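Here's the structure we're looking at; comments come further down.
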Amino acid sequence: MNDIGLDAREHLTEALVAAWLDGELGGDERARVAAHLADCDICREEIVSVRRLLGHDLVEESPAGRRRPVRYLAAVAAAAAAVWFLLVPTMQGPDSRLRSGPGSEAGAVAAIRILGPVGDAVRADEASFTWRRAGRDAQYTLTLTDAAGAVLWRVSTPDTAVVLPDDVPLEAARDYYWTVDALLADGETATSGLQGFETAP
Amino acid sequence: MVSTEPEREPAGLPPVLSELLAPDPGEDVRDRAWYAFLEQHDRLLRHICRSLGGDSDAEMDRYARVLEELRTDDFRRLRRFAADGRGRFTTWLTVVTRRICLDHERSRYGRASPTSDADTRSARRRLADLVAANLDPDRLGAPAPDHPVARLEWEEVRAALHRATAGLDPEDRLLLALRFADDLSAREIAEVVGFPTPFHVYRRLNAILARLKEVLAEHGIEEAPA
């Protein structure tokens, strides 16, 4: 059955592969493409290979060719944070190559300190997020997801506080997760790690 | 100032592509637009051509084929992006260029071997091993030719697992395929399916495996006593 527009070789069209990787598919179409990918190792290999090629910093910075640096940054920063949590107990002191952030002890890796919400019961219509500054001229990106990992909202800001807009409604009595990633002026990155909160009933 | 992510490209075609595909522009204008297109995307095209391995001659052969294919029939391939209109042009161009390179390789060296049945069985075995990790090892001992009962029990687990995975949501089945058939890291899986962090991948996989264990239990395949 070709209800997702497979090509003559029964594989995803170029347009569908690109749309999947750019997050342009939703609803039923995304589910049908996911079903095809689950069963077709050739299309899966293509998706993975193209994603790796896109991860290379060769895309021109024109309005037409701009990648989404934040998603890649978030994944890299989260991985870096995971490594930091493993290494910090054994890599302290002035010889450490781990960078110190403002307000942190010497030798510690920069991390973003969250002020809230963390584990709190938050009113679904009053969600706001605050954190401490990670460095001068830092650019922050906040990602909010539901419990299944679906991204609900993503925003970039130089501020250390944002309020959830009205057009991103949260449900009552639900778990939500969020991270803040920072790109610092010297090119370093920092992350808050995954934070969670629940909305009040 | 707050900007909302993801930042979208302007609607319509990239300017250099609009100029290239404009109706009846004249040969000089078309040539200038083509060279402007190459100036903007040449590094990407060459990177993709290089990514398939081989020496510099092989890379240049692919590159020449890519340029030829993109220009053929009045830029027929590039006009397909214009017709669809979704996603970023560079993503689409990466897909198309890679396909042209692979077609070129196939025309010269033949088609690569498909995934073998042995690979598929191996991936399914790894998944079954993981799901059945807490199950009674006596019931799931490696089937031996002279132990038909053990073999039948193992086949029962595999059949139940097959039914259980077939009933999962498509994206959950995709996660299992990426993890157990393709051996991707959680980070790569997150990038391919659009999860914000690898943690989300781990959590979802754990939930899927827990569900599969429930399904096996419903088929009478219970966990071993503590």
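Here is how the numbers come out for the structure above:
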{"read-out": "Any hit, the range A:164-179, residues being at pLDDT below 85, at positive phi and away from chain B (no Cβ under 14 Å)", "value": "yes"}
{"read-out": "Qualifying residue in the range A:177-199 (condition: in contact with a Pro (Cβ under 6 Å, 6 or more places away or on another chain) and of a type outside the set (Asp, Glu))", "value": "yes"}
{"read-out": "Segments classed as strands (runs of 3 or more DSSP E), wholly inside the range A:134-201, with at least 2 members that are over 17 Å from the mean Cα position of the chain (by Cα)", "value": "A:161-163, A:195-199"}
{"read-out": "Cβ pairs under 6 Å, 6+ apart, first in the range A:38-50 and more than 8 Å from chain B (Cβ to nearest Cβ), second of a type in the set (A, V, I, L, M) and not in a loop (DSSP other than H, G, I, E, B)", "value": "A:43/A:37"}
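The values are calculated or read from the model by the stated rules, or taken from the named source; none is laboratory data. Since the model is a prediction, treat every value here as computed from it, not as a measurement. Ideal geometry is used to build each Cβ from the backbone, glycine not excepted, and the neighbour counts take in all protein chains shown.
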